[in-house]
Amino acid sequence: MKSKFYIALIATFLTAYVINASARAAPVRKKLAIKAGSIITISGADIKNGTILIEDGIVKAVGKNIEIPWDAFVIEAKDRVVMPGFVLAHTSSGLDRANENVPEVPFLSTFDSIDPVSFYFEDSLRDGVVAMLVLPGNSTLLGGTGTVVKPHGLTVEDMLIKPYTGLKISLQPTGNTSRMGHMQRFRRYISDLKDYLEEYEQRKADVKEENKPFDEEIDIRKQPMVDLLNKKLTAFIYCDIAADVPKAIEIHETYKLNTVLVLGPDCYKAVGLIAQKKLPVILPPQLVVWETNEETNEEEMKVIPMIFDKAGVRFAFQTETSQYGSRYLWYQAATAVRYGMKREEALKSITLYPAQFIGVDDRLGSIQAGKEATFILLTSDPLDAQAWVDKVMIAGEIVYEKEKDQRLKKLIEKPEEVQKPKDTD
């Protein structure tokens, strides 16, 4: 009798387990509505006391007086500002190493080097960043391909937004190499690659004439550069000084590449040439530099975003983790506004424009129907130094909440007052 009872009990548990497992495996259609005090859409006008409808992580509607479905979960955010999460178009942080020792490694990918448990990603999420292109550093001629990730997930696969994105070319010579020698190395690499491709196509043609199958694939070490030349990848060309910009444009025009320039502080001097070629750029973290006027011998302040903005160059900001202010994308945008840039353009430079540069603007960068519900909920205006990122939503899921951020609490909580010993007299 006991054995029959145990068998029945085990069968009951197994049945319940199977039912629960099936329930977990079944698709769940989530409907959400965010009722916000203010919505910064980026793609259109700001909306006061608006509503965002979300289904399965995608924005269905945004505006005022929107009817909320009866089965939608409502997030009350009447005292919050909702806007697209910040997008970082270029970073070499979060890697186990920024550069390789070999000067030409286009076949390497940051996918294999990203450290998901790096505090950099935790800090980025806390700061409102929802997507970033992680590229190799600037000290390798051909540094390899990048990976677009969100700063949330236990593995790189969990974090992944878009693999195989962009290829870094750095015009900053390293070691004892001159700029002339650096460019010659690049031209020699391209020349050798073209010779290889001609021989490859000839072998392919020969086999075709013999009516035989051709199963030879392009060398995987060369494939990224081939994809670059075929515009399947974007060239992110780093220019350390203004003198590098003409060389970058030469590469862009000679090989007809999709190009984004990653600039050093000195490169504002080449803004006219960049504007003429209508190339998008990523500004250096240092937005204000001082230069001595050769005629007056006086120090002059140069505000880099204003120089590019006045020239009509579209740009994105980047950050520097070692500097307090320039660690934050909102600070970079606020600095530009302080010196005269239009607020709308500054906000686009930390949302929509970087999303365009890294090829994810169909999903991110603005709040509009059809795009991902990937937002940040702020306690006040995004350019207000006293604003906090209260919540971060990625694809309809709340992945960060300030009130549950234990590490932040320890950083900002007031130390307990030390009680004075009682007088024993």
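Structural descriptor for the chain: relative contact order 16 percent, calculated from alpha carbon pairs under 8 angstrom and at least 6 residues apart.
Assuming R0 = 45 Å, what is the FRET efficiency of L154 and E295, from their Cβ-Cβ distance, to the nearest 0.05?
On the way: r = 59 Å, r/R0 = 1.30.
Here the calculated transfer efficiency is 0.15.
Pairs K232/K269; K35/K348; K247/K269; K48/K78: which exceed 19 Å Cα-Cα? Flagged as over cut-off: K232/K269; K35/K348. For the stretch 288-358, applying the loop criterion from DSSP together with a ceiling of 14 other beta carbons within 10 Å to the trypsin sites (Lys or Arg not before Pro) yields K342. Once both labels are positioned 7 Å from their Cα atoms along Cα-to-Cβ, the gap between D96 and T321 label points is 1.6 nm.
Once fully extended, how much extra length lies between K402 and I58, figured as 0.36 nm per residue of separation less the alpha-carbon to alpha-carbon distance? Intermediate values should be presented prior to the final figure.
Working: separation 344, 0.36 × 344 = 123.84 nm, distance 2.35 nm.
Full-extension gain reported as 121.5 nm.
Rank these for me by crowding, Y196, Y328, Y120, going from fewest to most other beta carbons within 10 Å. Don't skip to the answer; put the middle values down first.
Numbers: Y196 15, Y328 21, Y120 18.
Ascending Cβ contact count within 10 Å gives the list Y196, Y120, Y328.
Looking at the square roots a ≥ b ≥ c of the eigenvalues of the Cα gyration tensor of the stretch 131-264, which shape do they give, rounded for a/c under 1.5, prolate if a/b is larger than b/c, or oblate? Oblate is the answer for the stretch 131-264, as a/c is 1.5 or above yet b/c matches or exceeds a/b. The alpha carbon centroids of the stretch 165-190 and the stretch 316-392 are separated by 32 Å. Length gained on full extension, Q202 to R221, computed as 0.36 nm times the residue gap minus the Cα-Cα distance: 4.9 nm. Ordered by the count of other Cβ atoms within 10 Å of each Cβ, fewest first, E300, E294 give E294, E300.
Can you give the percent of C-alpha pairs in the stretch 250-305 whose distance is more than 17 Å? Within the stretch 250-305, distances greater than 17 Å cover 46 percent of Cα pairs.
Where the only charges are on Cβ atoms (+1 Lys, Arg; -1 Asp, Glu), what is the dipole of the chain about its Cα centre, to the nearest 20 debye? If you can, show how the numbers build up before the last one.
Values: 54 positive and 60 negative charges, 261 e Å.
Taking the Cα centre of the chain as origin, the dipole is about 1260 debye.
Mind running the shape call on the stretch 330-386? Use the C-alpha gyration tensor, a ≥ b ≥ c as the square roots of the eigenvalues: rounded below 1.5 for a/c, prolate if a/b tops b/c, oblate otherwise. Judged from the Cα gyration tensor, the stretch 330-386 comes out oblate (a/c at least 1.5, b/c at or above a/b). With the charge dipole of the chain set up from +1 on Lys and Arg Cβ and -1 on Asp and Glu Cβ about the Cα centre, the Cα lying farthest toward the positive end among the listed residues S93, G146, I42 is that of I42.
The shape of the stretch 336-422 comes out oblate: with a ≥ b ≥ c from the C-alpha gyration tensor, a/c is at least 1.5 while a/b does not beat b/c. Which pairs in the list K231/K371; K162/K194; K60/K168 are over 30 Å apart, alpha-carbon to alpha-carbon? Those over the limit are K60/K168.
Please compute the net charge surrounding P284, taking Lys and Arg as +1 and Asp and Glu as -1 over other residues with Cβ under 11 Å from its Cβ. Write out the running numbers ahead of the final one.
Working: positive: none; negative: D240, D266, E320.
Net charge in that neighbourhood comes out at -3.
Taking the stretch 201-229 and a reference point 7 angstrom along Cα→Cβ of Y255, the backbone N atoms nearer than 15 Å belong to 221-229. Within the stretch 35-100, the chymotrypsin sites (Phe, Trp or Tyr not before Pro) that combine a DSSP coil assignment with at most 10 other C-beta atoms in a 10 angstrom radius are W70.
Report the paramagnetic label zone for L273: residues of the stretch 214-249 whose backbone N is under 11 Å from a point 7 Å from Cα along the Cα-to-Cβ axis. Output list for this probe position: 241-249. From the C-alpha coordinates alone, can you work out the Kirkwood hydrodynamic radius of the stretch 86-364, in Å? Hydrodynamic radius (Kirkwood, Cα only) of the stretch 86-364 equals 19.8 Å.
Take the Cβ-Cβ distance between V74 and K409 as r, set R0 to 30 Å, and report the resulting FRET efficiency rounded to the nearest 0.05.
On the way: r = 27 Å, r/R0 = 0.91.
Once the sixth-power term is evaluated, E becomes 0.65.
Ordering M132, M301, M159, M306 from the fewest to the most neighbouring beta carbons within 10 Å gives M301, M306, M159, M132. Screening the chain for DSSP H helices whose Cα atoms reach 27 Å or more along their own axis and whose mean Kyte hydropathy is at least 0.0 gives 2-25.
Rule-based calculations on the coordinates, nothing more; no lab input. Predicted, not measured: the structure shown is a model, and the values here were computed from it. So basically every Cβ, Gly included, is an ideal-geometry build from the backbone, and we count neighbours across all protein chains shown.
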